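As structure tokens, the structure follows; a few thoughts come after it.
The values are calculated or read from the model by the stated rules, or taken from the named source; none is laboratory data. Because the structure is predicted, anything quoted here is derived from the model rather than measured. Heads up, the Cβs are rebuilt from the backbone with ideal geometry, glycines too, and the neighbour counts pull from every protein chain shown.
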Amino acid sequence: MAHATNYTIRLDADLRQEAEQLFADLGLNLSTAMNIFLRKAVEVGGIPFEVCRSRPNAETLAAIREAYADSQYFGNHKGHEGHKDCQNGEPPMFLRFARKTLR
């Protein structure tokens, strides 16, 4: 093993407690879990899992569904070039998000 070094990070106290309990259940301590994460990140050349926004809550999903149902963007046509909010033939980001979210 290479020379070990200390590194201090700030964590939310509740997050730390939950993480320590999770890793203890897996037979690991927080330090070992962090080493696993960092080794995997180096191995894959990035964060070893998808980083994305969390799923919207029920109210937001309902609003997205309503916009999706009422929108001209979600017909069977291909282009969106004629709409003022479109860039390079793509619908606005919130509609792309709605399309992906409702799959």
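Pairs only if they're at least six apart or on different chains, beta carbon under 9 angstrom, first in the range 3-25 and charged (D, E, K, R), second not in a helix (DSSP H, G or I); list them, first residue then second. From the range 3-25, the pairs are 20/29. Here residue 65 meets each of (1) in a helix (DSSP H, G or I); (2) at pLDDT 90 or above; (3) not aliphatic (A, V, I, L, M) with one exception, condition (2).
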